[in-house]
Amino acid sequence: MKTFDVAIVGAGIVGAACAAALTREGLSVVVIDKDGVANGTTAAGMGHIVVMDDSEAQFALTQYSQRLWKALADEMTNQCEFENCGTIWVAADEEEMNEVRRKHLFYKERGIETEILDEKAIREAEPNLAEGLAGGLRVQCDSVVYQLTATKFLMDRATSGGAEMKTGVRVSSIRDGEVELENGEKVCAANIVNAAGAYASELSPQLNIKKRKGHLVITDRYPNFVSHQLIELGYLKSAHGKDADSVAFNAQPRITGQVLLGSSRQFGAETKDIDNDIVQRMTARAFEYMPKLRDISVIRVWTGFRPATPDNLPFVGKIPGFTNVYAAAGHEGLGITNSLGTAELLTDEILGRETAIPIEPYSPSRSFEIH
Ligand SMILES: Cc1cc2nc3c(=O)[nH]c(=O)nc-3n(C[C@H](O)[C@H](O)[C@H](O)COP(=O)(O)OP(=O)(O)OC[C@H]3O[C@@H](n4cnc5c(N)ncnc54)[C@H](O)[C@@H]3O)c2cc1C
């Protein structure tokens, strides 16, 4: 039986990025997915590539990843819809303007250029925002990508570099040297990567990953309705809160002229069903920030499960109890952004090379007395 250098479980954006990076280094790779390429959470995400400031470790990985996306931008096909539109963090009042100033300083101290917008400047930047908002912070280096085609692009890179794909077959267990499939087949590999997203803990109970459901809404085509990714500053409270349900205003411009509207966060919601109460709360919040959204048509609503960890950081690195079984999972609402950085960290780790940023904060063996 053939022994691969690496077997990756999961063909979402994280598994695809790992496959592309590992094959680039000349390793033989097989990717196994119970469904197909980009069928899991990746299909449900928003595609915002964002440098975050909520912890030093999150900043390091998002900034590293954002630079990798920028470097990849010229090589990606037009179908990947990569656009450097920037983010505006929207402040509703003076209290949130204090947060704008804090964020501005945080980014400045770490070499990220940002611009403080006052009430007039934010309306000039985004004329469809409500009147009377206090201002905001523009982070120009942030981008958006259509993550479905980007995942396919990364997987095509991997397969043209020699990676093999096995789709439509569920992995039932993983251990050092071997992946066992539900059909009884075994795949041998020197290294195994668990990139099974929200389902990674089914294969590796050591990984504390819970499903955090999110709803998104997409409109018909209204070119230039929104130019930046817009996020209310209350978003971080929603993202970090441990409450069962929360919503926050988040609007994304698509190259197609559509507006993608988010978002909600729910723990304990196990089905993909659309919750009309949540959608209503989400859209009501969006109307507060962009009243003209009331006049435009929505064409689709969907849900997905973010793979959430207790400290909002992903698991990247060796899983305790194994010699050569690794995790690349638990990226919650930043998996599209952090896919490229994760892939490089993991590749360096597997090859025994120094990583570009410290990998320890993402170690699956870390403890969770943090928050
Ligand atoms: C509403 C919403 C909005 C989001 N917005 C953003 C955003 O703007 N920016 C951002 O960076 N991130 C965003 N995210 C987060 C991002 O989508 C995820 O973090 C990312 O897609 C996770 O990718 P993944 O490859 O780890 O998981 P997945 O895409 O879920 O891939 C895992 C794969 O593993 C396979 N699998 C699972 N178990 C098995 C098994 N036992 N055997 C075989 N195969 C298996 C699944 O079929 C799946 O294809 C958002 C998520 C949601 C839900």
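Taking the range 32-46 as the region of interest, how many residues are in a loop (DSSP other than H, G, I, E, B) and more than 6 Å from the ligand (Cβ to nearest atom)?
Final tally of qualifying residues: 3.
Return yes or no: is Arg353 more than 24 Å from Gly40 (Cβ to Cβ) and modelled with pLDDT under 95?
The answer is no for Arg353.
Does Thr87 satisfy the condition of being farther than 30 Å from Ser172 by Cβ, hydroxyl-bearing (Ser, Thr, Tyr), within 14 Å of the ligand (Cβ to nearest atom) and touching an Asp or Glu at 6+ places or on another chain (Cβ under 6 Å)?
It is true that Thr87 is farther than 30 Å from Ser172 by Cβ, hydroxyl-bearing (Ser, Thr, Tyr), within 14 Å of the ligand (Cβ to nearest atom) and touching an Asp or Glu at 6+ places or on another chain (Cβ under 6 Å).
State whether the residues of the range 231-246 include one that is within 12 Å of the ligand (Cβ to nearest atom), among the aliphatic types (A, V, I, L, M) and within 17 Å of the chain's Cα centre (by Cα).
The answer is yes; a qualifying residue exists.
In the range 9-31, how many are in a helix (DSSP H, G or I), open to solvent by 10 Å² or more (accessible area, probe 1.4 Å) and within 9 Å of the ligand (Cβ to nearest atom)?
Filtering the range 9-31 for residues in a helix (DSSP H, G or I) gives 13-24.
Right, trim to open to solvent by 10 Å² or more (accessible area, probe 1.4 Å) and you get 14, 20, 23-24.
Narrowing the set further to residues that are within 9 Å of the ligand (Cβ to nearest atom) leaves 14.
Looking only at that region, the number is 1.
Would you confirm, using the coordinates I've provided, whether Val50 is within 16 Å of Leu216 (Cβ to Cβ) and either modelled with pLDDT of 95 or more or more than 8 Å from the ligand (Cβ to nearest atom) (or both)? Show your work before the answer.
Numbers: within 16 Å of Leu216 (Cβ to Cβ): yes; either modelled with pLDDT of 95 or more or more than 8 Å from the ligand (Cβ to nearest atom) (or both): yes.
Yes, satisfied.
Would a scan of the range 55-63 turn up a residue that is without any contact (Cβ under 8 Å) to a residue 60 or more places away in the chain, within 15 Å of the ligand (Cβ to nearest atom) and of a type in the set (Phe, Trp, Tyr)?
yes
Does at least one position in the range 252-259 carry a residue that is more than 10 Å from the ligand (Cβ to nearest atom), among the charged types (D, E, K, R), within 17 Å of Gly45 (Cβ to Cβ) and outside any loop (DSSP other than H, G, I, E, B)? Break it down into steps so the answer makes sense when it comes.
Step one: list which residues in the range 252-259 are more than 10 Å from the ligand (Cβ to nearest atom), which gives 253-259.
Among the residues that remain, those that are also among the charged types (D, E, K, R) are: 254.
Next, only the ones that are within 17 Å of Gly45 (Cβ to Cβ) stay: 254.
Imposing the further condition that a residue be outside any loop (DSSP other than H, G, I, E, B) reduces the set to none.
No - not one qualifying residue is present in the range 252-259.
Which of the residues spanning the range 33-76 are within 12 Å of the chain's Cα centre (by Cα) and of a type in the set (A, V, I, L, M, F, W, C)?
Within the range 33-76, Ala43, Ala44, Met46, Ile49, Val50, Val51, Met52, Leu61 meet the criteria.
For Leu340, state whether it is more than 24 Å from Met155 (Cβ to Cβ), of a type outside the set (S, T, N, Q) and under 19 Å from the mean Cα position of the chain (by Cα). It would help to see each step written out before you state the result.
Numbers: more than 24 Å from Met155 (Cβ to Cβ): no; of a type outside the set (S, T, N, Q): yes; under 19 Å from the mean Cα position of the chain (by Cα): yes.
Here the answer is no, as Leu340 does not meet what is asked.
Does Thr347 meet the test of being more than 15 Å from the ligand (Cβ to nearest atom), modelled with pLDDT of 95 or more, within 21 Å of the chain's Cα centre (by Cα) and of a type in the set (Val, Ile, Thr)?
The answer is yes for Thr347.
Let's see how each residue does on (1) touching an Asp or Glu at 6+ places or on another chain (Cβ under 8 Å); (2) within 11 Å of the ligand (Cβ to nearest atom); (3) assigned to a strand (DSSP E or B); (4) modelled with pLDDT under 95:
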| residue | (1), (2), (3), (4) |
| --- | --- |
| Thr323 | yes, no, no, no |
| Ala327 | no, yes, yes, no |
| Thr337 | no, yes, no, no |
| Ala343 | no, yes, no, no |
| Pro364 | no, no, no, no |
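Could you check how many residues of the range 283-321 are surrounded by fewer than 22 Cβ atoms within 10 Å (Cβ to Cβ), of a type in the set (Val, Ile, Thr) and either more than 14 Å from the ligand (Cβ to nearest atom) or assigned to a helix (DSSP H, G or I) (or both)?
The number of residues fulfilling the criteria is 4.
Step by step: first the residues of the range 325-371, then only those that are under 12 Å from Leu313 (Cβ atoms) and among the charged types (D, E, K, R), then the one that is most open to solvent (accessible area, probe 1.4 Å). Which residue is that?
Glu360
If you check every pair at least six apart or on different chains, which have Cβ atoms under 7 Å apart with a residue in the range 95-109 that is within 17 Å of Ser55 (Cα to Cα) first and a residue that is charged (D, E, K, R) second?
Lys103/Asp53; Phe106/Asp53; Tyr107/Asp53
The values are calculated or read from the model by the stated rules, or taken from the named source; none is laboratory data. Everything numeric here is computed off the predicted structure, so don't read it as measured data. Every residue, glycine as well, gets a Cβ built from its backbone with ideal geometry; the counts of neighbours run over all protein chains shown. Side chains are part of the model used for accessible areas, which takes the heavy atoms of the whole protein and leaves out ligands, DNA and RNA. Shrake-Rupley method; radii C 1.70, N 1.55, O 1.52, S 1.80 Å.
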